[in-house]
Amino acid sequence: MTFTEREDRACEVTDALARWLLEEHLSLDDEADPGVQVDCPICGGPVRYDSPQQAELEIRGLKTRRGKIEYERAARRCGRCRKVFFPLDDRLKLGTEGYSPRLLEKIEYAGTNEGSFGQAGAALGVLGELPISAKHVQRITERLGEERRQQRDAQVSAMKAGTLKPMYPHPPQVAAIHLDAGKIQLREDDGQPGIRDPHWHDSKVGCFQTYSARSDDTDPQPRPPAVFLNPPRVMRLCQQMARVRSRSPTRALQSVEGSPTLLVEEEAAVDRPARLVRTAVATLEPTEPFGWMVSAEATRRGFYEASKKAVVGDGGNWIGPLVEMHFPGWVSATGGLDFLHLLVHLYAAATAAYRGHAKAARRLYERLVCRAWAGPPLAERN
Ligand SMILES: [Zn+2]
């Protein structure tokens, strides 16, 4: 007997046990009476059953992480739209697609992260052990995406109406919003297969990050990381960033060979605040609606009430007005630079000031970087 045969058998047995446990557990739900009157999920009208016995039991199937299970459910028939629905399953958010919520998460993950719905289906089959067609992955991913879009738009509407409230009772102590713009590859969306009119479109992303508070106000890292003071590496970084900028948009998004090494170099341990919770909003819409999305998410996360708050961006000319409108008084309120972009400008300034005098240029650059890294004294911030 091969190892694979043994592994397959062991998994089959435990999967069957998991399915049996789930079916047993779901069968206990039969006792839960949805009540005399339930609203039809399709037309919204009331459906009245005077006694629980009036509800017919139907066998339902559901695909789970451990395979397909079957269970009985009390069905209600809506007289108006002539559809059957299952109040308890609606409450358990089992939907009509026949997948458990955990499987839907996997399908959505593959559908959004793989290069195509076809690849997503293949990955789900091999890695997720879930046979599913590309079409099905597409339908489910697009439905969930649309629901997320509606949620986001409802949040923005509530924000504009002044009714959006923070979702946690206590505001975060340290909160930062990172803003950036990028490019995304799109094609004509006319429902037909194949690629027509491929083009690049602006995308905007806001990342909302909370951090643990530090017990004192001293700077945990007053000197810039050594890598920023290493001339050959800084020169290489500047060249790479210039290359990215000069590239045609079709190549701009390709990874720049070598650049990540600059960021992962080992440093003496610094007492950094821990990152706590991260959420994000992203859109293809222009700056104005994006600003409202960012503001709404900041409201929902309680960022406006945070003791310390900052907006970080790359100095793009759209960021300043957005920050002025939605985040006046925050640190970097005029549109903060991220350090790598700043560093490239400082390097260019220092070499321009001392052309042909490498040593003097290097000293000036080091002074500028250290000053920029330290920033204004903490007491002057906020
Ligand atoms: Zn109905």
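The values are calculated or read from the model by the stated rules, or taken from the named source; none is laboratory data. Being a predicted model, the structure only gives us computed values, none of them experimental. Counting neighbours? That spans all protein chains shown, and the Cβs are built from the backbone with ideal geometry, glycine included.
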Of (1) over 29 Å from Tyr304 (Cβ atoms); (2) touching a residue at least 12 places away in the same chain (Cβ under 8 Å), His178 fails just (1)
Determine which single condition Pro220 fails, assuming it passes every other condition in (1) within 24 Å of Val312 (Cα to Cα); (2) modelled with pLDDT of 80 or more; (3) touching an Asp or Glu at 6+ places or on another chain (Cβ under 8 Å).
(2)
Going residue by residue through the range 312-327, is there one that turns out to be touching a Pro at 6+ places or on another chain (Cβ under 8 Å) and in a helix (DSSP H, G or I)?
no
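Only one residue in Leu144, Leu179 is surrounded by 12 or more Cβ atoms within 10 Å (Cβ to Cβ) and closer than 30 Å to Gly121 by Cβ, so which one is that?
Numbers: Leu179 fails: closer than 30 Å to Gly121 by Cβ.
Just one listed residue meets the conditions, Leu144.
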Asp29 meets each of (1) assigned to a loop (DSSP other than H, G, I, E, B); (2) surrounded by 11 or more Cβ atoms within 10 Å (Cβ to Cβ); (3) more than 16 Å from the ligand (Cβ to nearest atom) with one exception, condition (1)
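List the helices (runs of 4 or more DSSP H) that sit entirely inside the range 34-145 and contain at least 1 residues that are under 26 Å from Ala282 (Cβ atoms) and free of Cβ contacts under 8 Å to residues at least 24 places away in the same chain. Before you say what the answer is, go through the steps one by one.
Values: elements: 87-91, 101-113, 117-126.
It comes to 101-113, 117-126.
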Considering (1) farther than 30 Å from Glu12 by Cα; (2) within 16 Å of the ligand (Cβ to nearest atom), say which one Gly35 fails and leave the rest.
(2)
Considering the range 342-358, residues that are farther than 20 Å from Asp314 by Cα and not hydrophobic (A, V, I, L, M, F, W, C), and then whichever is modelled with the highest pLDDT, we arrive at Tyr354
Kindly indicate whether any position in the range 83-105 is within 16 Å of the ligand (Cβ to nearest atom), among the aromatic types (Phe, Trp, Tyr), over 19 Å from Leu127 (Cα atoms) and within 34 Å of the chain's Cα centre (by Cα).
yes
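Scan the range 62-82 residue by residue and report those that are farther than 22 Å from Ala18 by Cα and more than 16 Å from the ligand (Cβ to nearest atom).
From the range 62-82, those farther than 22 Å from Ala18 by Cα are 74-82; that's our starting set.
Hit for the range 62-82 is Ala74, nothing else.
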One residue from Ala154, Ala176 being in the same structural domain as Tyr109 (by TED's automatic domain parsing) and under 24 Å from Pro286 (Cα atoms):
Ala154
